[in-house]
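Colleague: Okay, here's the structure, questions in a sec.
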Amino acid sequence: VNCDQRKSGAADPCNDCLSCKEITDGRALDIIEIDAASNTGVDNVRDNIIANARVAPSRAKYKIFIIDEVHMLSPSSFNALLKTIEEPPSSVIFILCTTEVHKVPATIISRCQRFDFKRISVNDVVKKLTYNIQAESVKVERGILETIARQADGHMRDAESLLGQIV
């Protein structure tokens, strides 16, 4: 959403503009990642999120708050955050991440778009590993790739790491 040169109707960023490069390098000031497991209290939510959301983005189109492990916030923190999530400034996007959605209050969930991610199938992992080994001009039997994919249990990063160790 912050790509300066994304083509109309395209979903992918250009990865060449200044905004894309700053995001890729981890130095975009308007992308704010907060670990809710370490910042569970209401004061942290008020100081780090609510107050910061009121300030316009410094350079990008949108200020994006990524709140990881959001289920770890205290009930009072969720209550403090609710108003800002209900009526965020037009230049703010919240991304709430959790592996335990049942711990997030219904009042928060009802005000969000929800995207559930699932594990990658063995077949799709094998396809990606096949692509990787072809790009590296390495030969690995399909049976080995399937074993790696099953061992990785739907996690591509684990599969690629296992493949790297084997190669």
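The values are calculated or read from the model by the stated rules, or taken from the named source; none is laboratory data. Everything numeric in this text was worked out from a predicted model, so none of it was measured. All Cβ positions, glycine included, derive from the backbone under ideal geometry; neighbour counts span all protein chains shown. Heads up: the accessible areas ignore ligands, DNA and RNA and are worked out on the full protein's heavy atoms, side chains in. Shrake-Rupley method; radii C 1.70, N 1.55, O 1.52, S 1.80 Å.
Colleague: For the structure I just gave you, tell me whether L145 is more than 30 Å from V55 (Cα to Cα) and surrounded by 15 or more Cβ atoms within 10 Å (Cβ to Cβ). So that I can check it myself, show each step before the final result.
Modeller: Details: more than 30 Å from V55 (Cα to Cα): yes; surrounded by 15 or more Cβ atoms within 10 Å (Cβ to Cβ): yes.
Yes.
Colleague: Here is a further query. Out of C20, C14, report the one residue that is touching a Cys at 6+ places or on another chain (Cβ under 8 Å), over 18 Å from V55 (Cβ atoms), modelled with pLDDT of 90 or more and not in a loop (DSSP other than H, G, I, E, B).
Modeller: C20
Colleague: Select from segment 1-14 the residues that are in contact (Cβ under 8 Å) with a residue 12 or more places away in the chain and open to solvent by 40 Å² or more (accessible area, probe 1.4 Å) and write down the one among them that is nearest to F94 (Cα to Cα). Outline the logic, then answer.
Modeller: Just the residues of segment 1-14 that are in contact (Cβ under 8 Å) with a residue 12 or more places away in the chain, to begin with: 1-5.
With the extra rule that they be open to solvent by 40 Å² or more (accessible area, probe 1.4 Å), the set shrinks to 1, 4-5.
Numbers: V1: 12, D4: 20, Q5: 22 Å.
This residue is V1.
Colleague: Residue by residue through segment 108-130, note down the ones that are among the hydroxyl-bearing types (S, T, Y) and modelled with pLDDT under 95.
Modeller: First pass over segment 108-130, keeping only residues among the hydroxyl-bearing types (S, T, Y): 110, 121, 130.
Passing the criteria: only S110.
To keep it simple, each residue is scored yes or no on (1) open to solvent by less than 50 Å² (accessible area, probe 1.4 Å); (2) in a helix (DSSP H, G or I).
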position: P88; (1), (2): no, no
position: F94; (1), (2): yes, no
position: L129; (1), (2): yes, yes
position: A159; (1), (2): yes, yes
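Colleague: In addition: Pairs needed: first member in segment 144-167, closer than 14 Å to R119 by Cβ; second member anywhere, open to solvent by 70 Å² or more (accessible area, probe 1.4 Å); C-beta distance under 6 Å; at least 6 residues apart or different chains.
Modeller: Going by the 6 Å Cβ cut-off, the qualifying pairs are A152/D158; G154/R119.
Colleague: Does segment 26-41 contain at least one residue that is surrounded by 15 or more Cβ atoms within 10 Å (Cβ to Cβ) and in a helix (DSSP H, G or I)?
Modeller: no
Colleague: Further question on the same structure: How many of the residues in segment 51-81 are over 20 Å from the mean Cα position of the chain (by Cα), among the aliphatic types (A, V, I, L, M) and in a helix (DSSP H, G or I)?
Modeller: Looking only at that region, the number is 2.
Colleague: Look through segment 105-127, keep the residues that are in a loop (DSSP other than H, G, I, E, B) and touching a Gly at 6+ places or on another chain (Cβ under 9 Å), and return whichever of them is surrounded by the fewest Cβ atoms within 10 Å (Cβ to Cβ). It would help to see each step written out before you state the result.
Modeller: The initial filter retains those residues of segment 105-127 that are in a loop (DSSP other than H, G, I, E, B), namely 105, 110-121.
Right, trim to touching a Gly at 6+ places or on another chain (Cβ under 9 Å) and you get 118-121.
Details: K118: 6, R119: 12, I120: 17, S121: 11.
Filtering segment 105-127 for residues that are in a loop (DSSP other than H, G, I, E, B) and touching a Gly at 6+ places or on another chain (Cβ under 9 Å), the one surrounded by the fewest Cβ atoms within 10 Å (Cβ to Cβ) comes out as K118.
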